[in-house]
Amino acid sequence: MKKRIVTTALALCLLLPFVLSTAGCASDTALVLRVYNWEDYISEPTENEDGTVEDDYVDLIAEFEKAYYAETGTRVRVEYSTFGTNENMYNELQINPGSYDLVCPSDYMIMKMISEDMVEKFSDDFLTNSNYAKYASPYIQNLFEANYATVNGEEHSWADYSVPYMWGTMGYVYNPALSDTIEDDLSSWAGLWSEAYASVATIKDSVRDSYFLGVAVAYRDELMRLKEEYNADEMTLSDEKYAEYNAKVTEIMNRTDEDTLERTKDALLELKENLYGFEVDSGKQDMIAGRISINFAWSGDAVYTMDDAEPYTDEETGKEVPGIYLNYIVPEECSNIWFDGWVMPKGANTELAEAFINFLSDPTNAVANMNYIGYTSSIAGDAVFEEMVDWYSEGEAGDTDEEGNPLVPYDLNYFFNGTSDGAHADGDFIIYVSAESAKRQISAQYPTEEVLVRSAIMQHFDDETNAAVNEMWEEVKGLPIPVWAYVVIAVIAAGIAVIALSYVYKGKRRDSKPKKGYHAVK
Amino acid sequence: MVKFHFSRKQLCIPYALFLILFVIIPMLLILFYAFTETVDGMIRFSFANFVNFFTSTAKLSTLLMSFTVAIISTAICLLIAYPLAYILARSKFKRKNVLLMLFILPMWINFVLRITALRELLDLIGLLGTQNYLNTIIGMVYDFLPFMILPLYTTLEKLDNSYLEAAADLGGNKFTVFTKVTFPLSMPGVISGITMVFMPSMTNYVVSDTLSNFNITILGKLIDQYFTTYDNWHMGSMISIILLVIIFITMLVTGGFKDGKQEARGANLW
């Protein structure tokens, strides 16, 4: 009996922490918003090792909790967690449905989730009357409205289910000092295949991005013909032919038939021989360190790389720190335009989720995010434009740069028109920069209209296509096998055969002639 | 009051639990995943993964590549480690444990750090980005050499000197003594070393990824890809099973060289 009492007491002791923690929760009646986002994808202050917080970046999550309380009188607590890949996020949602209110997948995953009926629609009120509706760039909003996913047999616009957060293109970051013709050479994706750039370039060790590169080169002729046919060099986003041209480019870039797979594989295998290697995240550091000179990169990473590689003056010591100026280029055939966007999984607290996006869509908060993440927000508005002027502008129209050459206008009207609160008129969203600077950070941050006209969205592939594309990628990664590898295998096989035979032979001999000299030692 | 007897058998309970939870159940899960596939959200029994592996150029060439890398790394490890272990074990040097420790020391430094440092070093020499196969093999050898030295050293150290004296007395010259006595007697150590180096060299993709700039794919990397990016646990499990079978066969083959008596001598540490 005594023993049982002791056991019970022990069991109760074990339960105690749980009881206490539940009690703790019960007194906290705040609403909870569960956000699931990419790592490092929202502005937050740097945390020191001793637990204190720097005031270098805005704590947007805490700010939202404050703002929500001030506005509604209700406390809200944000449970923020992060993921590393779209696939991880998708699996997590499959295993624990209903565990998040707001997630931030990439374009193709958004498409997959919409078509699998996994996400809630945004309310009409949010889509017509929120910071997002007011300040998001009209270009991005139109793009989301023009893309469709099939839900239960019906076509639905992405715009009903998803709100873009960050966006960008893909291109080459390169060191212009490498050769005199590098800018010309890399104006085609095929430039990387040139022997002149052997062992100086890396591409992504990711099937989706590298597949895109392979397809662009495999269909280079067709893309260039199309470009000429539509005179796409001078096309703007308001051109009536834009949608038609862009749809054709998108179709080519999303081909996955057997012939395309074969051509892409051949192209990538050829490229592999010419590369320094593949990379997951080391491309930025390798560029900055000068280990490589060309990197196939996302525009956001490109901005980071160019920023970090630049020479600068140390503010404390006043010394010049040497560096290199890198450029960014989107080749002429086409590019990939990518998004990460918010979606609300089924069963989410949509009201709270919309309030959170509304908060992030305030241009001041978008600036905070851009400062921290370095990627380009889908939000325009005065605050964002002024920040960009602060970052990039080198003067007014008619001014000259240090060498006396006139500054060139960098036209951002397509992005900012219609989002100003009155400080800027439509058509005035132009930043004047030197001709060199126009090839650097700003071109990665905000691609020109001419680039966007030929930028295609990579779509979601079904399981069967995915398997075929992955198989193609495995072959690219696993081949070719060098001749000496076959030789080694042959020698080993022969060696094993000889040893096996000698054992058989020895066994026989031992039977007939037992015991001889030092054999006995064994 | 019931007296609580604490017998030796009960001491095994934690280990048994550990074994069931972290060895047996996961193995069964891997088996389950390997021989099933998911079609429209339903899991069903299938040999598709097995067939796919042996009909896919990509997977077979990856297998071949892993094999080659592992065999060469193991051979080089053996060539470096044997003389070293032999000299260390037979020398009269009093502080040979200190020397041995120097060779084992790298094992105590974090593995990823060592490989990253090696990458910088290879870059300095100029091998990085040009000699992908060589770099990978250098990395594997660097990483697994201690695993070859240790078992060889322990076997050779325990070698009874009277055998060698007897062999010499019976007229064997140094070479004969080595080939007919020392080497056969150190076989258990050689085999331990080979198994310790061969198996991880087939799967340790951190080395191949870091030092070949992702140019060389080995089986471990393929498994990782199936679990993390391709989101196909079935194929990933199947490759794991195939790898397991290969290693099992290797052990059977090398185990065939073993001699019952030598094992009893306790040389087979691993």
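The values are calculated or read from the model by the stated rules, or taken from the named source; none is laboratory data. Please read all numbers here as calculations on a predicted model, not as lab measurements. Every residue, glycine as well, gets a Cβ built from its backbone with ideal geometry; the counts of neighbours run over all protein chains shown.
Remarks
- Residue check: A:ALA196 meets all listed conditions (1) touching a helix residue (DSSP H, G or I) at 6+ places or on another chain (Cβ under 6 Å); (2) aliphatic (A, V, I, L, M); (3) in a helix (DSSP H, G or I) but one, namely (1).
- Residues being among the charged types (D, E, K, R), more than 14 Å from chain B (Cβ to nearest Cβ) and within 20 Å of the chain's Cα centre (by Cα) - total across region A:70-126: 1
- Scanning region B:171-190 turns up at least one residue that is among the charged types (D, E, K, R), over 20 Å from the mean Cα position of the chain (by Cα), part of a helix (DSSP H, G or I) and more than 25 Å from A:LEU275 (Cα to Cα).
- Residue under evaluation B:PHE93, criteria (1) part of a loop (DSSP other than H, G, I, E, B); (2) under 30 Å from B:ILE249 (Cα atoms), criterion not met: (2)
- Answer residue from region A:89-99, given it is of a type outside the set (Gly, Ala, Ser) and surrounded by fewer than 14 Cβ atoms within 10 Å (Cβ to Cβ) and is nearest to A:ASP209 (Cα to Cα) among those: A:GLN94
- When A:THR202, A:THR150 are checked against the criterion of being part of a strand (DSSP E or B) and at pLDDT 90 or above, a single residue qualifies: A:THR202.
- First in region A:151-162 and free of Cβ contacts under 8 Å to residues at least 12 places away in the same chain, second anywhere and part of a strand (DSSP E or B) and buried (at least 20 other Cβ atoms within 10 Å of the Cβ), Cβ under 8 Å, 6 or more apart: A:GLU155/A:ALA149
- Every test in (1) out of contact with any Pro (no Cβ under 6 Å at 6 or more places or on another chain); (2) touching a residue at least 40 places away in the same chain (Cβ under 8 Å) is passed by A:MET370 save one, and that test is (2).
- Any hit, region B:199-215, residues being under 24 Å from A:GLU92 (Cβ atoms), within 14 Å of chain A (Cβ to nearest Cβ) and either outside any loop (DSSP other than H, G, I, E, B) or touching a strand residue (DSSP E or B) at 6+ places or on another chain (Cβ under 9 Å) (or both): no
- Listed by first and then second residue, the pairs with beta-carbon distance under 8 Å, at least 6 apart or on different chains, first residue in region B:214-226 and within 18 Å of A:ASP281 (Cα to Cα), second among the aromatic types (Phe, Trp, Tyr), are B:PHE214/A:PHE278; B:ASN215/A:PHE278; B:ILE216/B:TYR133; B:THR217/B:TYR205; B:LYS221/B:TYR205; B:ASP224/B:TYR205.
- Restricting attention to region A:45-91, the residues being under 27 Å from A:TYR108 (Cα atoms), in a loop (DSSP other than H, G, I, E, B) and touching a Phe, Trp or Tyr at 6+ places or on another chain (Cβ under 6 Å) number 0.
- Top-ranked residue in region A:392-423 [being crowded, with 18+ Cβ neighbours inside 10 Å and of a type in the set (Gly, Ala, Ser); ranked as nearest to A:VAL303 (Cα to Cα)]: A:SER393
- Residue, farthest from A:ILE114 (Cα to Cα), within region A:295-319, restricted to residues that are modelled with pLDDT of 85 or more and part of a strand (DSSP E or B): A:ASN295
Listed here are the residues, each with its yes/no results for (1) more than 13 Å from chain A (Cβ to nearest Cβ); (2) touching a strand residue (DSSP E or B) at 6+ places or on another chain (Cβ under 8 Å); (3) under 30 Å from B:MET27 (Cβ atoms).
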site	(1), (2), (3)
B:MET148	yes, no, yes
B:PRO151	yes, no, yes
B:PHE183	no, no, no
B:PHE227	no, no, yes
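- Test result for A:GLY395, small (Gly, Ala, Ser), out of contact with any strand residue (DSSP E or B) (no Cβ under 6 Å at 6 or more places or on another chain) and part of a loop (DSSP other than H, G, I, E, B): no
- Set A:LYS272, A:LYS227: member being farther than 30 Å from B:SER212 by Cα and either free of Cβ contacts under 8 Å to residues at least 24 places away in the same chain or part of a helix (DSSP H, G or I) (or both): A:LYS227
- Residue under evaluation B:LEU156, criteria (1) touching a Phe, Trp or Tyr at 6+ places or on another chain (Cβ under 7 Å); (2) surrounded by fewer than 17 Cβ atoms within 10 Å (Cβ to Cβ); (3) not β-branched (Val, Ile, Thr), criterion not met: (2)
- Restricting region A:189-209 to residues that are closer than 13 Å to A:LEU271 by Cβ and more than 14 Å from chain B (Cβ to nearest Cβ), the residue that is surrounded by the fewest Cβ atoms within 10 Å (Cβ to Cβ): A:GLU195
- B:VAL190 β-branched (Val, Ile, Thr), within 10 Å of chain A (Cβ to nearest Cβ) and over 30 Å from A:SER199 (Cβ atoms): no
- For region B:92-109, the condition of being within 14 Å of another protein chain (Cβ to nearest Cβ), farther than 30 Å from A:SER282 by Cβ and buried (at least 16 other Cβ atoms within 10 Å of the Cβ) holds for none of the residues.
- Yes/no for A:ALA456 being within 41 Å of the chain's Cα centre (by Cα), modelled with pLDDT under 85 and either surrounded by fewer than 17 Cβ atoms within 10 Å (Cβ to Cβ) or away from every other protein chain (no Cβ under 14 Å) (or both): no
- Of note, A:ALA500 satisfies the criterion of being modelled with pLDDT under 85, in a helix (DSSP H, G or I) and either among the β-branched types (Val, Ile, Thr) or over 28 Å from B:MET235 (Cα atoms) (or both).
- Residue match in region B:196-216 (condition: over 20 Å from B:ARG114 (Cα atoms) and buried (at least 22 other Cβ atoms within 10 Å of the Cβ)): no
- The set of residues in region A:92-125 that are of a type outside the set (A, V, I, L, M, F, W, C) and not in a loop (DSSP other than H, G, I, E, B) comprises A:GLU92, A:GLN94, A:SER106, A:ASP107, A:TYR108, A:LYS112, A:SER115, A:GLU120, A:ASP124, A:ASP125.
- Residue, farthest from the other protein chains (Cβ to nearest Cβ), within region B:120-141, restricted to residues that are buried (at least 19 other Cβ atoms within 10 Å of the Cβ) and over 22 Å from the mean Cα position of the chain (by Cα): B:LEU122
- Residue that is farthest from the other protein chains (Cβ to nearest Cβ) [pool: residues in region B:51-80 that are free of Cβ contacts under 8 Å to residues at least 60 places away in the same chain and more than 18 Å from A:GLU475 (Cβ to Cβ)]: B:LEU79
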